[in-house]
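For reference, the structure discussed in these notes is given below.
Bear in mind that the values in this text are calculations on the coordinates, not laboratory data. Remember, predicted model here, so these are calculated numbers, not experimental data. Positions of Cβ are generated from backbone atoms using ideal geometry, with glycine treated the same way; all protein chains shown enter the neighbour counts.
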Amino acid sequence: MFTFSVPNVPQIDASDVKKAIDATSDIVLLDVRTEQEFAKGSIAGSINLPVDKVQDTVEKVLADKNKTIYVYCLSGSRSVHAVAAMVALGYTNVYDMKSGLLAWRAKGYTTQ
């Protein structure tokens, strides 16, 4: 039997992300889906950086490692790995949005 290791990373609920968006603009929303998925709809104001590019590119895209960053994908499976990579690179306030866009849409929140 195979077991897959899921990294233990800081997580946040979609409702808490929405509250943070409504309360402040001093956050970053990072969508780690493919460019094609991103083009079909995302949370307003999101930056797209596909998960396979996070390790090599995130420090160029998001230089401030202390900035609050909420990372999401469709279901949360890719974003958890992106957050783990970012934590390993020294990001201190990065969170995986649990269940990703599926949770966001289930709450009735809009996408662009």
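Points to keep in mind about this one:
- Amide proton proximity set for Q11, modelled H, under 5 Å, gap of 5+: D96
- Footprinting exposure proxy ranking of S77, S99, fewest other C-beta atoms within 10 angstrom first, gives S77, S99.
- If you plug the beta carbon distance of D52 and V87 into 1/(1 + (r/R0)^6) with R0 = 22 Å, you get a FRET efficiency near 0.80.
- Fully extended contour minus Cα-Cα distance, from K107 to T24, at 0.36 nm per residue: 27.9 nm
- Length gained on full extension, E35 to D64, computed as 0.36 nm times the residue gap minus the Cα-Cα distance: 8.1 nm.
- Ranking G41, V94, V9 by Cα position along the charge dipole of the chain, where only Lys, Arg, Asp and Glu carry charges on their C-beta atoms, puts G41 farthest toward the positive end.
- Cα-only Debye scattering, segment 11-106: base-10 log of I(q)/I(0) at q = 0.15, 0.21, 0.24 Å⁻¹: -0.49, -1.01, -1.35
- Gain on full extension, evaluated as 0.36 nm per residue between S77 and S15 minus their Cα-Cα distance, stands at 20.5 nm.
- In the chain, Cα pairs under 8 Å separated by at least six residues give a relative contact order of 33 percent.
- Here the sum of -39500 (n - 2.57) over DSSP H runs of 4 or more residues, divided by the residues of the chain, equals -11500 deg cm²/dmol at 222 nm, to the nearest 500.
- Electrostatic dipole magnitude of the chain [Cβ: Lys, Arg +1; Asp, Glu -1; Cα centre; debye, to 20]: 220 debye
- Ranked list, fewest to most other Cβ atoms within 10 Å of each Cβ, for Y91, Y70: Y91, Y70
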